[in-house]
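Step one of this worksheet: look at the structure below.
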């Protein structure tokens with residue numbers, strides 16, 4: 001593999017890792033192994049720290065392909081907890097409010113979900129990397145400042161109920177670039193006359209790249225180590 005000329009790699013992002021941390025670890029690993037002080041490494045689509053799943057990482061000249069990957073359709077498996085909300089709409093923050101959810105039935109959910117299909121306008125979460133006057137929204141949120149975030153246009157192609165065991169709802173979602181599944185959870189909770197937040201999120205596909213094609217960071221480092229040793233290349237220990 002020629003990481004300088006350019007490679008496209010598929011990773012399963014670890015739980016609690018930021019996308020930036022994964023890219024940084026890959027860049028550090030490759031730079032030490034190949035003895036390169038500078039090596040381009042980038043990813044095609046950010047995942048929240050508490051999400052796992054498919055991340056496409058490009059190296060070297062292949063980073064020019066990142067934009068094309070970013071615009072490909074994405075698929076997620078998401079678990080929502082109904083009847084409770086958090087400021088970030090996921091488990092990054094503690095529950096801040098409880099709502100009734102006993103009235104929610106599978107039939108009610110099936111009636112509500114089609115409202116989110118197709119081209120919709122979505123307001124991104126306050127705890128997000130959306131820029132407002134040149135500053136990330138999450139920075140305002142952490143300082144306790146209220147900010148108005150403009151809605152964004154996006155497309156949701158499919159929403160399917162995988163399992164409903166109150167208060168938990170498992171969904172499969174196929175959507176466009178820029179979709180915040182956390183915000184979708186918020187909006188579904190409101191539509192069900194309750195509240196909701198994410199307790200689990202896994203990206204299972206980007207375009208034609210599926211989760212079963214992805215490797216862990218540990219597997220990548222082990223494979224790189226074996227490849228370099230088998231070719232009798234001297235390198236710094238990873």
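Restricting to the range 30-45, count the residues that are under 16 Å from residue 5 (Cβ atoms) and touching a strand residue (DSSP E or B) at 6+ places or on another chain (Cβ under 8 Å).
Of the residues in that region, 5 qualify.
Does any residue of the range 21-29 turn out to be in a strand (DSSP E or B) and in contact with a helix residue (DSSP H, G or I) (Cβ under 8 Å, 6 or more places away or on another chain)? Steps first, answer last, please.
Here is the first cut: in the range 21-29, the ones in a strand (DSSP E or B) are none.
No, the range 21-29 has no match at all.
Could you say whether any residue in the range 23-31 is surrounded by 21 or more Cβ atoms within 10 Å (Cβ to Cβ) and modelled with pLDDT under 95?
There is at least one residue in the range 23-31 that is surrounded by 21 or more Cβ atoms within 10 Å (Cβ to Cβ) and modelled with pLDDT under 95.
Return yes when residue 17 is farther than 15 Å from residue 63 by Cβ and modelled with pLDDT of 95 or more and no when it is not.
On the way: farther than 15 Å from residue 63 by Cβ: yes; modelled with pLDDT of 95 or more: yes.
Here the answer is yes, as residue 17 does meet what is asked.
Can you name the number of the only condition in (1) out of contact with any strand residue (DSSP E or B) (no Cβ under 6 Å at 6 or more places or on another chain); (2) in contact (Cβ under 8 Å) with a residue 60 or more places away in the chain; (3) more than 13 Å from residue 196 (Cβ to Cβ) that residue 122 fails?
(1)
Quick one: what pairs do we get from the range 178-192, first residue over 28 Å from residue 71 (Cα atoms), second outside any helix (DSSP H, G or I), C-beta under 6 Å, 6+ apart or different chains?
192/104
Take residue 80 and tell me if it is assigned by TED's automatic domain parsing to the domain that holds residue 172 and in a strand (DSSP E or B). So that I can check it myself, show each step before the final result.
Numbers: assigned by TED's automatic domain parsing to the domain that holds residue 172: yes; in a strand (DSSP E or B): yes.
In short, yes.
The values are calculated or read from the model by the stated rules, or taken from the named source; none is laboratory data. Everything numeric in this text was worked out from a predicted model, so none of it was measured. Using ideal geometry, Cβ is built from the backbone for each residue, glycine included, and neighbour counts are taken over all protein chains shown.
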